[in-house]
Amino acid sequence: MNRIITALDFSTPAQARALVERLDPSLTRLKIGNQLYTLAGPSLVEECQKAGFDVFLDLKYHDIPNTVASAVEAAAAMGVWMVNVHASGGPAMLQAARNAVQQFDRSAEHAGGTRLIAVTVLTSLDRNELAAVGLDVEPADQVTRLATLARQAGLDGVVCSPHEVARIRAIAKSNFLTVTPGVRPDQGSSAPVSVISSHGGKPDDQRRTLTPYDAIVAGSDFLVIGRPITQAKSPLDVLHALNAEVQIAASQLSTTPSDQQAHSDA
Ligand SMILES: O=c1ccn([C@@H]2O[C@H](COP(=O)(O)O)[C@@H](O)[C@H]2O)c(=O)[nH]1
């Protein structure tokens, strides 16, 4: 199972295409978000699918139940592998979205492949940012609250930071997916393997981050990684190294780390 999802956040469709043409579906799944979808629309999703990639349509729908249900149904009809909504849209909206995917699955010939997940607390938010919007709560507590809503509504999983994965595992079975952005390769990591990207592993606007190794060991199912790949001198080398790091982390879940390795695209 490939656990890396590359976030195709580019300012032109041509830049995205140039990277996708060099990638292989065995290396990564692809995420198309607001920027690229606004620029290129469904045709780019279709191009990626025709090239054999699983596409996560990351549009984070957040609206009244009827509108979100219709949008999610349209995404399922495009055959995307994964689509998401904001859990803070509330239980009725989550339920409506879930029903829309289920109804599409029952009515359509090739249905059944679209996972519906909910964004909990954006990984760019910390306690202070939450307080600024009137939520006097620790991010992890809010994530747990929203993940519980998503699970109760029958969604397939959540988007959260790797820091909260253990909490999610405590409230949901292993088939409830944890999809984690906020992943940063770390040149100073104490992990037995550490990717070094020429992006530098800086957090950018992310606030709740962990390394790929630590995210997998924490139990993340999928790692969403953008700039450390797309802004590297050699995105392909970084992806190969990330996959190696993920594999080693997964094996560490049952064995003890022994030696240190490093990969560099620099
Ligand atoms: O809470 C969230 C939800 C979505 N994202 C998206 O993931 C990528 C992360 O990109 P990086 O360059 O690795 O920071 C980006 O497309 C976000 O829209 C997120 O970061 N946090």
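Rule-based calculations on the coordinates, nothing more; no lab input. Note that this is a predicted model, so its numbers are computed, not measured. Glycine also receives a Cβ, built like all others from the backbone with ideal geometry; neighbour counts cover every protein chain displayed.
Brief remarks follow.
- Gaussian network model of the chain, springs between alpha carbon atoms under 10 Å - residue of A150, A215, A18 with greatest fluctuation: A18
- Subtracting the Cα-Cα distance of S198 and E46 from their residue separation scaled by 0.36 nm leaves 51.7 nm.
- Its relative contact order, with pairs defined as Cα atoms under 8 Å and 6+ residues apart, puts region 4-253 at 17 percent.
- Once C-alpha pairs closer than 8 Å and six or more residues apart are averaged by separation and normalised to the residue number of region 88-230, the relative contact order reads 23 percent.
- Sorted by Cβ neighbour density within 10 Å, fewest at the top, the residues D205, D141, D9: D205, D141, D9
- Short-range pairs are left out: with C-alpha atoms under 8 Å and at least six residues apart, the relative contact order of region 1-141 is 17 percent.
- Residue of A87, A74, A100 that the Gaussian network model of the chain assigns the largest fluctuation, springs spanning Cα pairs under 10 Å: A74
- Counting only the Cα atoms, the chain fills a convex hull of 126 Å³ per residue.
- Stretching the chain fully between N34 and K173 yields a gain of 47.0 nm (0.36 nm per residue, less the alpha carbon separation).
- Only helical runs count toward this figure. For the chain, summing -39,500 (n - 2.57) over DSSP H runs of n ≥ 4 and dividing by all residues gives -12000 deg cm²/dmol at 222 nm.
- When both region 199-240 and region 17-89 are represented by their alpha-carbon centers, they are found 20 Å apart.
- Candidate lysines - alpha carbon under 19 Å from K50, same-chain residues fewer than 8 apart omitted: K31
- For region 1-135: rounded, prolate or oblate by the Cα gyration tensor [a/c cutoff 1.5]: oblate
- Sequence-distant residues sharing a close amide H with K60 (under 5 Å, placed H): N84
- Subtracting the Cα-Cα distance of A18 and D141 from their residue separation scaled by 0.36 nm leaves 40.2 nm.
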